[in-house]
Amino acid sequence: MSVKLHIKKGDTVIVIAGDNKGQQGKVLKVETSKQRAIVEGVNLVKKATKPNAQNPQGGIVEQEAAIHISNLQLLDPKSGKATRVGRKANAEGKLVRYAKKSGEEIK
């Protein structure tokens, strides 16, 4: 069973809790089953990798780790501050997400 989340791939979010609090970035991937997201440049971990085609040297690589979506909040398109997300029908009757702080529709 997949759950509707307030965050989608491509959204700009801010971390509101945890070690990376205050950092912001773009959502690269959302894992709906685990309710986690991978955010660009946030929650970096060092990972040992074997040599392969992309990295012939191998060694230690820094990459983003998943972060729970409850620790993320969407950035308001107008003010650039954290906002909650609501859903409402637009003019065509399609359900769209909007920022509760400014009322602005989220593309």
- ³J(HN,Hα), Karplus 6.51/-1.76/1.60, whole Hz, each residue of segment 83-95, x for Gly, Pro: 8, 7, 10, x, 10, 8, 7, 8, 4, 7, x, 8, 6
- Task: Could you please tell me the mean projected area of the C-alpha convex hull for segment 12-57, averaged over all directions and given in square nanometres to one decimal?
- Result: 4.6
- Item | Amide H contacts under 5 Å for residue 82, placed H, 5+ residues apart | 76
- List, in the order given, every pair from 4/47; 8/94; 8/88; 21/88; 21/94; 21/50 whose Cα-Cα distance in the structure shown is over 22 Å. 4/47; 21/88; 21/94; 21/50
- Note on the structure: Output for segment 1-61: trypsin sites (Lys or Arg not before Pro) sitting in coil per DSSP, at most 15 other Cβ within 10 Å, listed by number, reads 4, 8, 9, 21, 34
- Amide H contacts under 5 Å for residue 61, restricted to residues at least 5 apart in sequence or on another chain and with H modeled in the peptide plane, are 47, 48, 49
- Provide, as a two-decimal number, the C-alpha radius of gyration of the chain over 2.2 N^0.38 Å, N being how many residues it has. 1.28
- Query: What residues have an amide H closer than 5 Å to that of residue 72, excluding those fewer than 5 places away on the same chain, when H is modeled at 1.01 Å from N in the peptide plane?
  - Reply: 16
- Item | Estimated vicinal HN-Hα couplings, Hz - segment 17-34 in sequence order (Karplus 6.51, -1.76, 1.60; Gly, Pro = x) | 8, x, 4, 9, 3, x, 6, 9, x, 9, 6, 8, 7, 10, 9, 5, 5, 9
- Item | residue 69 accessible area, 1.4 Å probe, all protein chains in place, Å² to nearest 10 | 10
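With all protein chains present and a 1.4 Å probe, how do 32, 49 order by accessible area, largest first? Can you show the working numbers first?
Numbers: 32 60, 49 40 Å².
Greatest to least solvent exposure: 32, 49.
The values are calculated or read from the model by the stated rules, or taken from the named source; none is laboratory data. These numbers were taken from a predicted model, which means no experiment stands behind them. Glycine also receives a Cβ, built like all others from the backbone with ideal geometry; neighbour counts cover every protein chain displayed. These area figures cover heavy atoms from the full protein model, side chains too; ligands, DNA and RNA do not enter into them. Shrake-Rupley method; radii C 1.70, N 1.55, O 1.52, S 1.80 Å.
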